[in-house]
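To keep things clear, I will list the structure first and then write my remarks on it.
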Amino acid sequence: MAKAYWISAYRAIKDADKLAAYAKLAAPAITAGGGRFLARGLPAKVYEHGLAERTTLIEFDSVEQATTVHDSPAYQAALAALGDGAERDMRIVEGA
């Protein structure tokens, strides 16, 4: 079974307090569901019109596992805490 990667690329952080509240809830929800943070933070280098904003890369054992974590009550509570505090592009990609 192919691994899955949850990628969040932030376009803008509108409210740092909401982002902090989200992070406090999201990290435990993700790790409890089997997610492993591979990278998170500001990019070391940006190319091709990329934004110098926060990016997160999380590995899961499968797309199903990543989707289950995203849809879990614990992660949904984190999203509620974030609200409109950030604009981001989030996707789950199956590994090659």
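Readers should treat all values here as calculations from the given coordinates under stated rules, not as data from a laboratory. Since the structure is predicted, the reported quantities are computational estimates derived from the model, not experimental observations. Because the Cβ atoms are built from the backbone with ideal geometry, glycine has one as well, and the counts that use them run over all protein chains shown.
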What is the Cα centroid distance between the range 54-85 and the range 2-47, reported in whole angstrom? 9 Å
Once the dipole of the chain is set up with Lys and Arg at +1 and Asp and Glu at -1 on Cβ about the Cα centre, which of V46, A2, A80 lies farthest towards its positive end? V46
With +1 assigned to the C-beta of every Lys and Arg and -1 to the C-beta of every Asp and Glu, and no other charges, what is the dipole magnitude of the range 4-94 about the Cα centre in debye, to the nearest 20? 300 debye
In Å, what Rg and Dmax follow from the Cα atoms of the chain? 13.2, 38
